[in-house]
Amino acid sequence: MAKLAFLGLGLMGTPIAARLIEAGHDLTVWNRTSGKTRPLVDQGASVASSPAEAVAGADAVFTMVATPEALEQVLFGDEGVVGALSPGQRVIDMSTVGPQMIASVARRLPSHVTLVDAPVRGSVPEASTGRLEIYVGASQAAFDYVQPLLDPLGNVHHVGGPGAGAATKVVVNLTLGVAITALGEALALADTLGIERTTLLDVLVDSPIGPIVRGKRANIESGTYPPTFKLSLALKDLRLVGESAAGSGPDLRLAAASQSWLEQAARDGAADLDFSAVVATILEARS
Ligand code: NA7
């Protein structure tokens, strides 16, 4: 069993760290808001008072934080990881921060440290039950090392060399953003055409956006959006999509439209709700 550090105990980090403990690893945890370490301490984790302290003696360091800015802070900020890393240690980033950030981090980490990008698809229920889809960007040697660590967390896909996991995740979340806003627009049009909501949702379950209808139907029907994936983070992902396509990249009109809906929802106060709250914003909007 490995000695691991886990940095970032939000909605996703907490259940993932818990599964690593259940798998028998020796875990030291750190979170910016220290109170969130409590449930993991109850399960046997040690607590560090800074990212740098957490890293001491670890075989591998997991990061699962909100944004590129948060990862920058944890790795390179005050008491960040970078000053404390020793030869042979691995940094496994599971956050969704995009391929540009991963390339930037790789350039700035010491050369004797291996960076693996391993972002995930799935939210809290999947993280809690080991059913995430994990997209790993790594050399074959680095993948062979991390695969047994990641196996208890879900399905592990080696999608390419360093950065390929981060790139894959951005592509996947383009489809997520488009699917949820397509659902919102479909429901808005159906309202205008006088189609009953329950009937329509039954129909859409078997449509091309069926999976998102199944996943978010309860939120939409109840009008409550408890976060399993925050709208602010879905918006961050659409921004990463835009950055990834910038310059001479493709013309992603659907991504831009989805981003615009998510921005409106965030302005309406839904940033900390589930990303499916964008449906309510679309339903309330009138041209
Ligand atoms: P959450 O539940 O919003 O958790 C975000 C985590 O990131 C949480 O531990 C935060 O600490 C941490 N964070 C945010 N900003 C910072 C800064 N500046 N410095 C250090 N730590 C920070 O997000 P999820 O767990 O749902 O998502 C995590 C990633 O997976 C994200 O990239 C998603 O897109 C996918 P806090 O507890 O607020 O102190």
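Read-outs: derived from the displayed coordinates by stated rules, not from any lab. Not measured: the values here are computed from a predicted model. Positions of Cβ are backbone-derived with ideal geometry, glycine not excepted, and every protein chain shown enters the neighbour counts.
With the biggest extent put first, the Cα atoms of region 241-287 measure 35, 25, 15 Å across the principal axes. Relative to the 2.2 N^0.38 Å rule of thumb, the chain has a C-alpha radius of gyration ratio of 1.04. Computed from Cα atoms, the angle from the helix 210-222 axis to the main principal axis of the chain rounds to 70 degrees. Working from Cα pairs under 8 Å separated by at least six residues, relative contact order for region 168-286 is 39 percent.
Note on the chain: GNM, Cα springs under 10 Å; of HIS158, HIS112, HIS25, the largest mean-square fluctuation is that of HIS112.
For region 168-286, the alpha-carbon radius of gyration amounts to 1.03 times the rule-of-thumb value 2.2 N^0.38 Å expected for a compact globular protein. Of the residues VAL61, VAL81, VAL203, the one that moves most in a GNM of the chain with alpha-carbon contacts below 10 Å is VAL203. Once each of the GluC sites (Glu not before Pro) sitting in a DSSP loop with at most 16 other beta-carbon atoms within 10 Å is removed, the chain keeps 80-195 as its longest stretch. Could you name the lysines in cross-link range of LYS236, using Cα to Cα under 27 Å and dropping any fewer than eight places away on the same chain? Partners found: LYS36, LYS169, LYS216. Springs join every pair of Cα atoms under 10 Å in this Gaussian network model of the chain, and among ILE220, ILE180, ILE102 the largest mean-square fluctuation is at ILE220. Size descriptors for region 95-177: radius of gyration and Dmax over Cα atoms are 12.5, 37 Å. In the chain, the DSSP-assigned H stretches of four residues or longer account for a calculated mean residue ellipticity at 222 nm of -15000 deg cm²/dmol, using -39500 (n - 2.57) per stretch and the full residue count as denominator. Given a cut-off of under 8 Å on Cα pairs at least six residues apart, what relative contact order in percent is computed for the chain? This gives 14 percent for the chain.
With the largest listed first and rounded to whole Å, the semi-axes of the equivalent ellipsoid of region 3-160 from the Cα gyration tensor are 20, 19, 15.
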